[in-house]
Structures are given as structure tokens and as C-alpha cells.
Amino acid sequence: MWRSIGALIGASIAAFALAGCTGGAPPLPPAQADAARSEREKQAFVEALKPHRAGRPMVAVLALNEGTEMTDLLLPHAVLRRADVAEVRIVAPRAGRVSLYPALEVDGAQDFAAFDRLHPAGPDYVIVPAMIADDNPEVAAWLQQQAARGARVIGVCSGARVVGRAGLLDGRRFAGHWYDRSTLLERHPGASYVPHQRYVVDRGVATTTGITASVPAMLALVEAIGGPEKARALATELGVASWTPVHDSSPFYLDTGRRVDFLLNKAAFWRGERWRVDVQDGADDIALALAVDAWTRTGHIGVDAASAAGPVRLRSGLVLLAQPPREGTERLPLSSSLKPVPQLDRTLCEIGERYGAVRRDWVMLEMEYPAASVAAACGGARPAA
């Protein structure tokens, strides 16, 4: 019995690593409000990412077939497709399916060789999500090749680890998921961590903080390619008030209590449930990904995509694999009345109601999501994270 529990806890620690949490660092002092500096940093990011080539830009969203973080992939892909300012392709070592974590699976990736034949000059931008293995040699070699051809690279969340494995963080400033800070500094002694910013760019290589920074960073990229009015209109459509790099890094760290809470929660395997999320053609990628990611990170449930018709085509055009719904499975709640990004606030409130504030705050910690908007959505009960 105890051997089994020990094995389970070991697996839980591995699962923690997949959440982007494999290093750890002490808390930082609180950010000092400086609106002028934040605006300067945003404009620097936008200027650094403006297109260098004539014509419609090409964006490659990099993936590992065996496991790519769901929100890191789906959100940038969906935001850029909705903006319609560039061609967007998902590119992986093999064509076809990409298994996402902590849930879902998509189809339609183009393999490296096929992409290179069609685009011998390489993409203008490469978006790099977190991956189940940050040291895949095929991924690292292809990323190095595209950077050498002049592609700007944007590492989303723990995608910074993949960017680093390709040698592209050495000597640069970086952001990244809060729990990766120590690991990245150890791996890349010449690099420097920048706190309190959702996104940072240094000589053609950009990085973001945790999962929920991907939308602001993509809106900044949309502004760089299509201008501020295009970004502003899209932000309104998505339900985003601001896409500046403003971010307080100080609440995001692990203390002993949080570590113990995580392990005890993961060890309570008998509480696990299988839920389904009902999907159909045209389903919103962003709302879907944020809600599924948050519920799955509670440690209490797994989520399967369900459709009587089988695979569905999401709003972005990406194919989501789905199976017929199983009787008796609980449905994951999604609100059709909300804009895509506020769906996360609603979901976090529902998680708090079902599993308590501690579990909700843990999900926010993993996703590096600030508390202010959730406090308003939940009726003023401010989360701790």
C-alpha cells in the first residue's frame, strides 16, 4: 500500500513538472506601479516584433506531438487566426496529431520537412509553447535553424525552457513561468531574469510569464503586425482590458504549505472524476482551453472532448479530436454569454465554489494568474494568489 502511495506521489511530482513547475525560487518584492515604464516596455516589445519582410507574415506555432501544453498552443494560435494579420501553421516533428496536456488532442500539424519545403526562407515568427520534454533534439534543431534564418522567437510560459535548450536564452533577458526561474538561471548563466513583466523581448527572442500571459503577448504581436487599432478591436472582442506587460510577480512562489497541499491533493486519487466538455464545430478555442486547463489543474478531474459527430473544427479552423459522450459523465460548464477570456474568471469562481478557495488559489498559482479580476468576478472574495 505505502509503496503504491509513494509511486503515486512520485507521479504527482512528475505531473507538477508538466505544469511548468520544476525549479522554484523565493518570493520577490512587490512590483512598484509605473504606468509610463510599462507603456515604454510595451512599445519596445511592439517595435522589436514589427515585420522585417514584405508581404503577409508567416507564424509557426511549434509543437511536440507527444505532449504540448494545451493553452500555450491553443491561445496563441486562436488569437492570431482571429486577428487575421498573418498566416498561422502548427508545426511539429511529425504531421498529424498533437497530444495536449493537461487534456485534449488536436489534429492538423505540419511536419518540419513539409513546412521547410513550402517556406524555404523560414517563418517570420515561431511561437514556442511548453512541452512535455523540453530537450527534444528535433525541436531544438529546427528552432535553432529558424532563428538563424531571422525568425523572431516567442517562448510562452515554460516554452522558455524549450527556447533555452535551443541556445536562444544565453546572454539574454527573459521572463518565463515563475517556477522556472531558478532552472533557467542555472542552465543559462549569462541570462538575466526580468521580474514583474508579462512579456520581455531581447534581440529577437521574447518570453512570457505563466500560461495566462499568452493572450496579452499575442495582442502585442497583433499590434506589431497590424497596428494598435487592430489590437484594440480584437482585445474588445476577447474581453481583454489591457495587454501591457504589467504584472506583479511577488505572489507567485512555493512555500512549505503550498507544497504539502499539492502533494496531498494529488495523493487523494480516489476523488478523481472523468468529465466531458461538449464541443461542436465553431467552438471557441480560447474559452474552451482556459476552462479545461483550469478545471484539470484542480487535481480532481480529467476532461475529455465529447461530440456525437466525432472530431470538430474549432473557430480557429483547428481540428479537435472528440468521442461520443459517455452516459453519466458530468459536463464541464462553459458560459455562452461570456467573452472568451472572462470565461477563466467565471471558471475560477466555480472551482472555488466546488473545491474551496485553497484549490482555486492553487490553480491560479499554476497558471500565474493575478487575483484582481477574479476577486471582482467572484463578488469581491479576493483570492490569496
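List of remarks:
- For the stretch 145-280: rounded, prolate or oblate by the Cα gyration tensor [a/c cutoff 1.5]: oblate
- Taking trypsin sites (Lys or Arg not before Pro) across the stretch 299-373, the ones in a DSSP loop with at most 14 further Cβ atoms lying within 10 angstrom of their Cβ are Arg326.
- Using the 1.4 Å probe convention, the accessible area of the chain works out to 40 Å² per residue with neighbouring protein chains retained.
- J(HN,Hα) series, the stretch 118-131, from Karplus relation 6.51 cos²θ - 1.76 cosθ + 1.60, nearest Hz, glycine and proline x: 6, 10, x, 7, x, x, 7, 9, 10, 8, 10, x, 5, 9
- Beyond 26 Å, the tail of the calculated P(r) for the stretch 271-380 holds 18 percent of the Cα pairs.
- When you filter the trypsin sites (Lys or Arg not before Pro) in the stretch 138-211 for DSSP loop state and at most 11 other Cβ atoms inside 10 Å of their Cβ, you are left with Arg203.
- Size of electric dipole in the chain: Cβ of Lys, Arg +1 and of Asp, Glu -1, about Cα centre, debye, nearest 20: 240 debye
- Förster-model FRET efficiency, 22 Å R0, His52 and Glu87, C-beta, rounded to 0.05: 0.90
- Between Val319 and Thr256, the FRET efficiency estimated from the beta carbon spacing at R0 = 41 angstrom works out to 0.40.
- In terms of its C-alpha gyration tensor, the chain has a rounded overall shape, because the principal axis ratio a/c (a ≥ b ≥ c, square roots of the eigenvalues) stays below 1.5.
- What the Cα atoms of the stretch 136-216 give is an Rg and a Dmax of 11.5, 33 Å.
- Computed label-point distance, nm, for sites Thr329 and Asp281 using a 7 Å Cα→Cβ extension: 2.2 nm
- Inverse of mean 1/r across different Cα pairs in the stretch 55-163, Kirkwood, Å: 13.5 Å
- Each of Ala375, Ser182, Met364 was placed along the dipole of the chain (beta-carbon charges, centred on the mean Cα), and the one lying farthest toward the positive end is Ser182.
- GNM flexibility winner over the chain from Ile211, Ile286, Ile225 (Cα, springs under 10 Å): Ile225
- In this simple spin-label approximation, Gln145 and Ala95 carry label points 7 Å from Cα along the Cα→Cβ vector, and these lie 1.6 nm apart.
- Annotation for the stretch 283-362: GluC sites (Glu not before Pro) lying in DSSP loop with at most 14 further Cβ atoms inside 10 Å of their Cβ are Glu327.
- Long-range amide H partners of Val88 with built H, under 5 Å: Val59
- Think of the stretch 112-169 as a dipole: +1 on every Lys or Arg Cβ, -1 on every Asp or Glu Cβ, centred on the Cα centre; then among Gln145, Ser158, Ala113, Gln145 lies furthest on the positive end.
The values are calculated or read from the model by the stated rules, or taken from the named source; none is laboratory data. Model, not experiment: these values are computed from the prediction. A quick note on method: Cβ atoms are made from the backbone with ideal geometry, for glycine too, and the neighbour counts reach across all protein chains shown. Only protein heavy atoms, including side chains, enter the accessible area calculation; ligands, DNA and RNA are left aside. Shrake-Rupley method; radii C 1.70, N 1.55, O 1.52, S 1.80 Å.
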